[in-house]
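Please read the structure below before turning to the comments.
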Amino acid sequence: MSTAPTPTLPTDHITHPGPFDVIGDVHGCLAELTTLLTRLGYEASEDGWHSPTNRTAVFVGDLVDRGPDNMGVLRLVMAMVRQQRALCVPGNHDLQLARHLGGEPVAHVHGLRGTVEEFVFETVEFRLDVLHFYRSLPSHVVLDHGRLVVAHTGLAEEHHGRESAMIRHLAAYGVAHGEIERTDVWKRHAWLAGYQGAAVVVYGHTPAEGAWWKGNTINIDTGCVFGRSLTALQWPSREIVSVASSTTAGKPGRSFLTRSDLALDDAS
Ligand code: MN
């Protein structure tokens, strides 16, 4: 009998076959999100957004910070998740906001200040609602019988389907202890260099000039809040759907990733 600790497995969705629309970092860009959902065939109704063809949206995290309508994005995504029309994994910005809402002292940097200011106009119930929503999210999701993994910064194969405080930090921040590595892409996504897994890993976190495949991995953060685009990866068709951004909330902490940053040659 093994004495190893038994992890809690995020298996709730592993047999969910999709089809999915995995959506990159939204960062409060409500207008671009509704445009993208419309482009993907979703429709707005009285009880929120849904897909008439039973597609499921999967948010790669970083719903908030820097953009113009963080509360609107939270309301939209929380309603979809609660109605089982979407799944969501937390990004570093989401976990920092959750820490703030939970009463922890958190520096109001990287756009958190603006999000906190939006909460001034919200009820205590809504604050608690958001806190409970974030606390309910799994660190990452394994979907389509293990063929698809979605984590904010990506995740090494050895951690797929496992859950722990360390993996929660690793999936959201890219590092184990909650600090943010701003400049080195291989430190921000340390798992990426050696990834040989059979599962496709979809991630965001670091704005890139394009949504490019690198083996079985793809970064779909195309910098919506910085004026570029909001991108979805459709699964299993692997089609990329992007909408142009009309939001320009300053510059990212580093320049956008290029193909050469990811060691991709021009032909791949
Ligand atoms: Mn982000």
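The values are calculated or read from the model by the stated rules, or taken from the named source; none is laboratory data. Computed from a prediction, not measured in an experiment: that's the story for all the values here. Positions of Cβ are backbone-derived with ideal geometry, glycine not excepted, and every protein chain shown enters the neighbour counts.
Some points to look at:
- For segment 170-221, filtering for residues that are within 15 Å of the ligand (Cβ to nearest atom), not polar (S, T, N, Q) and not in a loop (DSSP other than H, G, I, E, B) leaves 8.
- Verdict on T34 being away from the ligand (no atom under 16 Å from the Cβ), more than 23 Å from H159 (Cα to Cα), polar (S, T, N, Q) and buried (at least 19 other Cβ atoms within 10 Å of the Cβ): no
- Selected residue (criterion: farthest from V201 (Cα to Cα)) from residues of segment 70-90 that are within 16 Å of the ligand (Cβ to nearest atom) and in a loop (DSSP other than H, G, I, E, B): P90
- Looking only at segment 63-85, residues that are under 12 Å from the mean Cα position of the chain (by Cα) and either aromatic (F, W, Y) or under 12 Å from I23 (Cβ atoms) (or both) come to 2 in all.
Results for (1) modelled with pLDDT under 90; (2) loosely packed, with under 15 Cβ neighbours inside 10 Å; (3) among the polar types (S, T, N, Q); (4) in contact with a Pro (Cβ under 7 Å, 6 or more places away or on another chain), shown as yes or no for each residue.
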site: G161; (1), (2), (3), (4): no, no, no, yes
site: S164; (1), (2), (3), (4): no, yes, yes, yes
site: R168; (1), (2), (3), (4): no, no, no, no
site: R188; (1), (2), (3), (4): yes, no, no, no
site: Y195; (1), (2), (3), (4): no, no, no, no
site: A211; (1), (2), (3), (4): no, no, no, no
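- Qualifying residue in segment 121-138 (condition: within 22 Å of A31 (Cα to Cα), within 16 Å of the ligand (Cβ to nearest atom) and not aromatic (F, W, Y)): no
- Residue within segment 103-118 that is surrounded by fewer than 17 Cβ atoms within 10 Å (Cβ to Cβ), without any contact (Cβ under 8 Å) to a residue 12 or more places away in the chain, on the phi > 0 side of the Ramachandran plot and in a loop (DSSP other than H, G, I, E, B) present: yes
- Checking each residue in segment 139-161 for being in contact with a strand residue (DSSP E or B) (Cβ under 8 Å, 6 or more places away or on another chain), away from the ligand (no atom under 16 Å from the Cβ) and outside any loop (DSSP other than H, G, I, E, B) picks out V141, V142, L143, D144, L148, V149.
- Checked against the criterion of being within 16 Å of the ligand (Cβ to nearest atom), outside any loop (DSSP other than H, G, I, E, B) and in contact with a Ser or Thr (Cβ under 9 Å, 6 or more places away or on another chain), the candidates V225, V241 yield just one match: V225.
- Qualifying residue in segment 213-225 (condition: among the aliphatic types (A, V, I, L, M), closer than 21 Å to N70 by Cβ, in contact with a His (Cβ under 9 Å, 6 or more places away or on another chain) and surrounded by fewer than 18 Cβ atoms within 10 Å (Cβ to Cβ)): no
- Cβ-Cβ under 6 Å pairs, at least 6 apart or on other chains, segment 221-237 side within 19 Å of T153 (Cα to Cα), far side of a type in the set (S, T, N, Q) and assigned to a strand (DSSP E or B): T222/S229; T222/T231; S229/S242; T231/S242
- Test for D47: is it of a type in the set (D, E, K, R) and surrounded by 16 or more Cβ atoms within 10 Å (Cβ to Cβ): no
- Taking every residue in segment 25-46 that is closer than 20 Å to I218 by Cβ and pairing it with any residue that is among the charged types (D, E, K, R) and assigned to a loop (DSSP other than H, G, I, E, B), at least 6 positions away or on another chain, the pairs with Cβ-Cβ distances below 6 Å are D25/D62; D25/D221; H27/D62; H27/D65; H27/R66.
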